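The values are calculated or read from the model by the stated rules, or taken from the named source; none is laboratory data. This structure is a prediction, so every number in the text was calculated from the model and none was measured. In this analysis, Cβ positions are derived from the backbone assuming ideal geometry, glycine residues included, and neighbour counts consider all displayed protein chains.
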Amino acid sequence: MSTLLIIKIVIILVVFGITLLIAMYSTYLERKVAAVMQDRIGPDRAGPWGLLQPLADAGKMFFKEDFIPKQSEKWLFIFGPGIAMFTACMTGAIIPWGGTVTMFGETFNLQIADIDIGILYIMGFVSIGVYGIMIGGWASNNKYSLYGAVRASSQMISYELAMGLAILAVVMTTGSLSLKDIVEAQKGGQWNVFYQPLAFLLFIVCAFAECNRAPFDMAECETELIGGYHTEYSSMKLGFFLFAEYINMFISSAVISVLFFGGYNFPFMYDLGLSANAITFIGVGVFFAKIIFFIFFFMWVRWTLPRFRYDQLMHLGWKSLIPLAILNLMITGGWQIFKDSF
Amino acid sequence: MKSLTNRSLQVSNRKMTLMERIYLPAIIGGMFITFKHIFKKKATVKWPDEERSRSEVYRGRHVLKRDEKGAERCTACGLCAVACPAEAITMVSSERKKGEEALYREEKYASVYEINMLRCIFCGLCEEACPKEAIFLTKELMPANYERSNFIYGKDRLVEPTDSRVDVSKRQEPAVVMNKYNDK
């Protein structure tokens, strides 16, 4: 039992470390992707190919003046980025990073906790994540921040509906809310994206909105709202908000991979004649490759599409995505009944 | 009315078709374009590691030329200062003493000659106005500085050193020189 506990603690630490590392290098990747798509080179001064740039950025963030406006609600102002960061880090707990490993006389899953309402847990924490932005924006006592916060909350609430409905279709075909079960059901190239393409499309659009990423970055909206909810923030509090966004992006990519692209499954995984441990470790690599591809995809879309106008965002959410999601749900349900009755 | 240039487009406010309203084909097209740009040649010049190539007749920081014997050509006539549209040039003239013939070509010379590089617009009119072929603009760039006062260049930084002469022959195209002398 104690070995298992130690293994779990190690997994928690590793997942936490990897989350932070990937979020850190996402900032680097973002700048590089932005640069090459605009025919530039991007950061290349700090270290080889600019690889130490995230460290330099973090150092800069730490040494900046940590300013709290006099008019703000001081404690809420501090709690805002804390909540954003906390909720962002918590969602990694139930992602199944890999299959089963047998090591040190124990057999365990590369997952911190396999809770049977996994996807609900993620939706729950994503909803709490709005509070970070909402509280941060409201406590700043600044018009632009408040606008950003209001936009963020209404946007997230609207898109959570469509997102939930899109996920429901996947849950219906799998018959389980546990992410582990959803991944296991996609064994051997039976990826959900082939069976639920519409749900995938809806989910990824909603994921963009939930992460506050372009083209739905209404909450920040530099051109209209200065910086949106983090206008008044500086130093590492701002860093936390930005960092939470990148962690959210990482987790979203992981969830997209898990729900629609088979997580750690890869085609022909049982035809290679490898041992179970080897398959698991290749699977982890494949899973991270998928995640990094989706992180790149997030950036690719960001540097391609202009920002939506706010009313267009609401039109899209309520008038297109939700009806489509309901339609998808009905088709899936109808198919399930049809399949079971024969 | 008939357009003069053939470049005007007829705009319309027609309703978008379903394909356009779905918006996805346009997004995929746009993403294809941005993806293509990843492989394009980068426009960045990594200054100061690399320098962008400049024309031989680039109008950079000024030089006050000496003649072949190493005497200053400037006679402090003030035509450059008059020609200067930005009023960047000031000077004080002095009379040449006995024994200074090797230093100054003519009896009068500029004891102080200052160009305010923050005012200068590098138009080259001073060079054009100069009757003595004394002031030229060179290919060299103006270096940055922390102090505004350091941008007022005196004779110490303007007069060309005797040991490293500045080549301005490219700015003295025969046609240009001829033109200049014909004007007089």
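Of the numbered conditions (1) outside any helix (DSSP H, G or I); (2) within 14 Å of another protein chain (Cβ to nearest Cβ); (3) without any contact (Cβ under 8 Å) to a residue 60 or more places away in the chain, residue A:273 fails exactly one; give the number of that condition.
It fails just one condition, (2).
So how many residues does segment A:34-67 have that are in a helix (DSSP H, G or I) and either more than 26 Å from residue A:237 (Cβ to Cβ) or more than 14 Å from every other protein chain (Cβ to nearest Cβ) (or both)? Break it down stepwise before answering.
Step one: list which residues in segment A:34-67 are in a helix (DSSP H, G or I), which gives A:34-37, A:48-50, A:53-63.
Filter again for either more than 26 Å from residue A:237 (Cβ to Cβ) or more than 14 Å from every other protein chain (Cβ to nearest Cβ) (or both), leaving A:35-37, A:48-49, A:53-63.
Going through segment A:34-67 one residue at a time, the tally reaches 16.
Considering each residue of segment A:185-207, count those that are more than 29 Å from residue A:318 (Cβ to Cβ) and of a type in the set (A, V, I, L, M), and give that number.
Going residue by residue through segment A:185-207, those that are more than 29 Å from residue A:318 (Cβ to Cβ) are A:185-191.
Filter once more, so that each one left must be of a type in the set (A, V, I, L, M): A:185.
The number of residues fulfilling the criteria is 1.
For segment A:283-297, state whether one or more residues are free of Cβ contacts under 8 Å to residues at least 40 places away in the same chain, surrounded by fewer than 23 Cβ atoms within 10 Å (Cβ to Cβ), not small (Gly, Ala, Ser) and not in a helix (DSSP H, G or I).
No, that holds for no residue.
Only residues that are outside any loop (DSSP other than H, G, I, E, B), out of contact with any strand residue (DSSP E or B) (no Cβ under 9 Å at 6 or more places or on another chain) and acidic (Asp, Glu): list them for segment B:106-143, please.
Keep residues of segment B:106-143 that are outside any loop (DSSP other than H, G, I, E, B), which gives B:108-116, B:125-129, B:135-137.
Cutting the leftovers down to out of contact with any strand residue (DSSP E or B) (no Cβ under 9 Å at 6 or more places or on another chain) gives us B:125, B:128.
The one that is outside any loop (DSSP other than H, G, I, E, B), out of contact with any strand residue (DSSP E or B) (no Cβ under 9 Å at 6 or more places or on another chain) and acidic (Asp, Glu): B:128.
Please work out which one of (1) in a helix (DSSP H, G or I); (2) buried (at least 18 other Cβ atoms within 10 Å of the Cβ); (3) within 14 Å of chain B (Cβ to nearest Cβ) is the condition residue A:88 fails and give its number.
Every condition holds for residue A:88 apart from (3).
Going by the structure shown, is residue A:219 part of a helix (DSSP H, G or I), surrounded by 18 or more Cβ atoms within 10 Å (Cβ to Cβ) and of a type in the set (A, V, I, L, M)?
Working: part of a helix (DSSP H, G or I): no; surrounded by 18 or more Cβ atoms within 10 Å (Cβ to Cβ): yes; of a type in the set (A, V, I, L, M): yes.
So residue A:219 does not fit the description; no.
The rows are residues; the columns are (1) aliphatic (A, V, I, L, M); (2) away from every other protein chain (no Cβ under 12 Å).
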position	(1), (2)
B:24	yes, no
B:34	no, no
B:41	no, no
B:53	no, yes
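Give segment B:111-143 a look and list any residue that's aromatic (Phe, Trp, Tyr) and either modelled with pLDDT under 90 or within 14 Å of residue B:64 (Cβ to Cβ) (or both), or say none.
Let us first name the residues in segment B:111-143 that are aromatic (Phe, Trp, Tyr), namely B:113, B:122, B:136.
If the condition is that a residue be aromatic (Phe, Trp, Tyr) and either modelled with pLDDT under 90 or within 14 Å of residue B:64 (Cβ to Cβ) (or both), then B:113, B:136 are the ones that fit.
Check residue B:83 against each of (1) over 30 Å from residue A:33 (Cβ atoms); (2) within 14 Å of chain A (Cβ to nearest Cβ); (3) modelled with pLDDT of 85 or more and name the one condition it does not meet.
Single failed check for residue B:83: (2).
Can residue B:146 be described as in a loop (DSSP other than H, G, I, E, B), among the aromatic types (Phe, Trp, Tyr) and at pLDDT below 90? Step through it out loud before you land on a result.
Values: in a loop (DSSP other than H, G, I, E, B): yes; among the aromatic types (Phe, Trp, Tyr): yes; at pLDDT below 90: no.
Taking the combined requirement at face value, the residue does not satisfy it.
For segment B:90-119, how many residues are crowded, with 21+ Cβ neighbours inside 10 Å and more than 14 Å from residue B:71 (Cα to Cα)?
Going through segment B:90-119 one residue at a time, the tally reaches 2.
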